[in-house]
Amino acid sequence: MLEIKNLSKIYDNTVLALDDVSFEVPQGQFLAVVGLSGSGKSTLLRCINRLIEPTGGQIIWDGVDVTAALPEDLRRIRRRIGMIFQHFNLVQRSPVMTNVLSGRLGYTNPFWSLINRFPKDDVAMALRQLERVGLEEKAYTRADELSGGQQQRVGIARALMQEPAIMLADEPVASLDPVLAHSIMQYLEKLKEENITVICSLHFLDLVQRYADRAVALKDGKVVFDGHPSEIDDKRFEEIYGEEAQRIG
Amino acid sequence: MNEKEKSSSSILRTLGKIALIVAIVIVYAYGLQVTKVDLEKPQEGKRQQQLTNILRGLANPDLFEWKIDRVVAEAPVLIPCDGQTLAAPAPVEGQPTITLSTYCAEPGETITVSGFGWARNEDVFLFFIPYTADKDNEVALKLLDDRVVTDNQGNFTVEAELKNDRLSDKPATIRAVANRKTGMPGPSEALKQTWEKIIETVFLALIATTFGIFLAVPFSFLAARNLMIDVNSTFVKFMASLAVVPIGGYLGYIIFKSLTDLGRSFTGGGEASASALLWSVLPVLGFAVLKGSADGGSKLFATLRRVIISAVITVVVVLALAALANVGRGTGTDLKIETGLTGVIGNFILILSDAILLGMPVLGFVIGFFLISSMAGSVTEMVEDRASEGVVRIVAIVLAAIAGMLWFGVITAVLNWLYQFGDLRYVIIAPAVIGAVLLTGIAIASNPHRIIPTGMFIYYIVRTIMNIFRSIEPLVMVVAFAVWVGIGPFAGVMALGLHTIVALGKLYSEQVENIAVGPIEAVTATGANRLQMIIYAVMPQIVPPYIAFTLYRWDINVRMSTIIGFGGGGGIGFLLSQNINLLKYRQASVNMIAIAIVVASLDYLSAKVREKIT
Ligand SMILES: Nc1ncnc2c1ncn2[C@@H]1O[C@H](COP(=O)(O)OP(=O)(O)OP(=O)(O)O)[C@@H](O)[C@H]1O
Ligand SMILES: [Mg+2]
């Protein structure tokens, strides 16, 4: 269970990106975070693994206060939280294998990892994860030689190397075409079988309604909707996206 | 606006233009005077002759030499003539000969010298050798000031006036000499010298670049805005670091220095102090106590264990390295005097050993500096977390006072060393008090939890230092280094190395600033620590451009090392400046050709490699 309590984030003492956000996510749920551009979706996701330090409030995960964790403990928490990104965030010049293995850094002996040595088990696991996303034959290709969809699959493999209990996905399909988008979303959907919580920010409501168990909508950093995606009717839609917004798809 | 106003404004504008033109003329007129431009000088005959000499010298580089075969023909002549008749020398088949119009002449008489059987168009020099019994000490006087050139048949005829002095009743000798080039040309002395110095130059650039890289890499991180902007700490934490780092650095220096001395004493060098024994025994004792104690589970115990084990390892490593370096010093000094590769390796061992012995205390300083800073950080973090607001405030004030005292003291000590105000013990008091009061005041006025951008602090300091040093040309720096370590390539290495550090540091840091943050975010999110993040997310992004810039810099360094000799930095430049000063333009020309070849080929090479990498 992940509890977000009164979370707030103020950038540079001026921009209020999250305003008293509270909700709970049971283990294994597929939660979509929706909202206009600038509503605070990315900020929320990055507060959960503290890539961004929240200004106030708490994040409690299975009784542990993530917001109060000291550096060493924070690393232990982070390694159980996978994350994938809109722009994939692979190291472009490194081979796919190295990118995937880097998902294991939180577990490995720091010394060996510094000289690029990983335990045999980790290497085997990396190959398994690549197989899972259908890229086993690309293991030794440089990341920048892959297409966008392939890069995102490598991103997923990297996150899965962490054996995560939570997967954060920040607009994972926003830079992909619709067909690829569905294939990526299906990989995420399958994580439910392993009881992994997925928290995914999405732009398209049809994707939300198709894949998510639940949706949380943000507007100007506040939660304006929290419920099943099917409950987002035209009136709710207007509340979330504003009067002028036109529903597409 | 009426007509009158219009015309007056246009007059004003014209006047303004004229004033501007006059001003420009004055500026240039003054400039020409200051720079002493003088178009008469280049036209003076004497100076034009000098220029011609230089250009002819440069156009005829002294590259090759031939083996010289000296061809000689002689004829006797008796002066004054006392009635005797000397026979003409018998011609030898296949050898050139000379004949004289008379073999018995009066002093000052003009005779005709004819040559037969010489090479065509050959330069022949005529000498007059007065009679001497001691053939080894004969004196050859020029019979003619100029050379004689043979005709198309290899013959010549020339009139020569005999001398009035050096008379004798024995026959003197007229000698004709031609210097013939034979066989294949070999490298000239100048070329050999140039070769030797150009090698020195290329290595000078290599060593300077290598030195530069080592320090430029860490500096480039400190001078990269995107890395440093995240480095923040609370006011109290910052004060804690400030207060302890001078102490930590000093302690680290002392400990490592005494350990190094102790290590040296193992192999019969240096002197061990009692404190060194203490430093080395302490962690071992701690280890023993820990091993003996029963409690094995607590977290504190585990941390303590780790710390003590690291300390033991550090002590052992330092001792061993120092002992080894001491041996290396001895061996190196012995081997250095040998010739060939053995000597080179001996010298290498000696330098390496010296570097270890000198570097250890510096390393100790750095380790102590950072270790204590991070320790102080953790402790204050804990205090901030647990202690009450009032306690944190007091801690902040006390730490600020200590920090102010120490840093103002350190700065005063440095200034006192430079300006020699007086006895440091008295000079230091006032600034230390002022510093303590000043920072106490700041501490009282500010919130102890306030975030201080320590990273940007360091960033600006490092940037400023780099900019200052970057603006000093190596050719100027080398003058200072030549005073310190003597004229020669070592001074050149130091000057170029220093400039390389700052120049590369700047270029590198710009690369760091250009890296994509996405991968950093992603790798951090996996739970990697900071060092792992740097290795996996930063390094792959910066290593290729680092290599490219290093090559570029090595290229510049080769170019600079060719002139660094003008400032006393060794290499080909030194030879060139000497040759120019001695008016040996043909030799200087060889130096210049070598410089051009090396610079051009390295330019090409580094461009090719850089192309490959990026
Ligand atoms: N590093 C930052 N510094 C200052 N303000 C920021 C920063 N990052 C985001 N913001 C501001 O915080 C607010 C929320 O941004 P956030 O990126 O979380 O929105 P988002 O919902 O992810 O938007 P998008 O859909 O465009 O990605 C915005 O107003 C943004 O301008
Ligand atoms: Mg976003």
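The values are calculated or read from the model by the stated rules, or taken from the named source; none is laboratory data. None of these values were measured; they are calculated from a predicted model. Every residue, glycine among them, receives a Cβ derived from its backbone with ideal geometry; neighbour counts consider all protein chains shown. Only protein heavy atoms, including side chains, enter the accessible area calculation; ligands, DNA and RNA are left aside. Shrake-Rupley method; radii C 1.70, N 1.55, O 1.52, S 1.80 Å.
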How large is the charge dipole for segment B:1-82, taken about the Cα centre, if only the Cβ atoms of Lys, Arg (+1) and Asp, Glu (-1) carry charge, to the nearest 20 debye?
800
Structure-based [θ]222 nm, chain B - -39500 (n - 2.57) summed over DSSP H runs of at least 4, per residue, nearest 500:
-22500 deg cm²/dmol
Set Lys and Arg Cβ to +1 and Asp and Glu Cβ to -1, take the dipole of segment B:209-366 about its Cα centre, and tell me which of B:Ile309, B:Ala240, B:Leu335 lies farthest positive.
B:Ala240
Between helix B:454-470 and chain B: long-axis angle, C-alpha atoms, 0 to 90°, nearest 10:
10
Taking the Cβ of A:Lys5 as the center, what net charge do the other residues with Cβ under 10 Å away carry, scoring Lys and Arg +1 and Asp and Glu -1?
-4
Would you work out the charge dipole size for the protein assembly as shown about its Cα centre, treating the Cβ of every Lys and Arg as +1 and the Cβ of every Asp and Glu as -1, and quote it to the nearest 20 debye?
1020
Applying a 10 Å radius around every beta-carbon, put B:133-144, B:101-112, B:590-601 in order of their mean neighbour count, most first.
B:590-601, B:101-112, B:133-144
Once the Cα gyration tensor of the protein assembly as shown is found, what semi-axes does its equivalent ellipsoid get, as square roots of 5 times the eigenvalues, in whole Å, sorted largest first?
80, 38, 33
What is the local net charge at B:Ala522, summed over the other residues whose Cβ is closer than 14 Å to its Cβ (Lys, Arg +1; Asp, Glu -1)?
+3
For segment B:546-556, in order, what is each residue's ³J(HN,Hα) by Karplus, 6.51 cos²θ - 1.76 cosθ + 1.60 with θ = phi - 60°, in whole Hz (x at glycine and Pro)?
4, 5, 4, 5, 5, 4, 4, 5, 4, 4, 4
Quantify how strongly other chains surround peptide A:80-86 by giving the mean number of their Cβ atoms within 10 Å of each of its Cβ atoms.
3
The protein assembly as shown - accessible surface per residue (Å², probe 1.4 Å):
54
Once you list every other residue whose beta carbon is under 13 Å from the beta carbon of A:Ile77, what net charge do they have if Lys and Arg are +1 and Asp and Glu are -1?
+2
Report, in debye and to the nearest 20, how large the dipole of segment B:89-201 comes out about its Cα centre when Lys and Arg carry +1 and Asp and Glu carry -1 on their Cβ.
320
Among B:Ser388, B:Ser101, B:Leu143, which residue has its Cα positioned farthest towards the positive end of the charge dipole of the protein assembly as shown, with +1 placed on the Cβ of Lys and Arg, -1 on the Cβ of Asp and Glu, and the dipole taken about the Cα centre?
B:Ser388
Tell me the angle of helix B:45-59 to the major Cα principal axis of chain B, expressed in degrees between 0 and 90 and rounded to the nearest ten.
80
Per residue of B:537-550, what is the mean number of Cβ atoms on other protein chains within 10 angstrom of that residue's Cβ?
2
Measure up B:Lys142/B:Lys170; B:Lys506/B:Lys608; B:Lys67/B:Lys197; B:Lys41/B:Lys192; A:Lys219/B:Lys237 against 27 Å on the Cα-Cα distance and list the ones that go over.
B:Lys41/B:Lys192; A:Lys219/B:Lys237
Note the angle between two axes, namely the Cα long axis of helix B:474-485 and the longest principal axis of the Cα atoms of chain B, as a number of degrees from 0 to 90, rounded to the nearest 10.
90
Everything considered on the Cα gyration tensor (a ≥ b ≥ c; rounded for a/c under 1.5, else prolate if a/b is larger than b/c, else oblate), segment A:171-230 must be described as oblate
Mind checking which lysines have their Cα closer than 23 Å to the Cα of B:Lys17? Skip sequence neighbours fewer than 8 apart in that chain.
B:Lys4, B:Lys6
What are the aspartates and glutamates whose alpha-carbon lies under 15 Å from the alpha-carbon of A:Lys41, with same-chain residues fewer than 8 places away excluded?
A:Asp19, A:Asp20, A:Glu53, A:Asp170, A:Glu171, A:Asp220, A:Asp226
Run through the DSSP bridge list for chain A and note the antiparallel percent, rounded to the nearest 5.
55
Mean other chain Cβ within 10 Å across A:105-117 is 3
Counting alpha carbon pairs within less than 8 Å and at least 6 residues apart, what relative contact order, in whole percent, applies to chain A?
28
Over chain B, what is the relative contact order in percent, taking alpha-carbon pairs closer than 8 angstrom and at least six residues apart?
17
Positive dipole terminus of the protein assembly as shown, leading residue within B:Phe287, B:Thr35, B:Leu262 (C-beta point charges)
B:Phe287
Mean separation of Cα contacts under 8 Å (at least 6 apart) over the residue count of segment A:166-217, i.e. the relative contact order in percent, is 46
By a straight-distance test (C-alpha under 12 Å), which aspartates and glutamates pair with B:Lys181 as possible cross-link partners, with residues fewer than eight away in the same chain excluded?
B:Glu65, B:Asp69, B:Glu122, B:Asp123
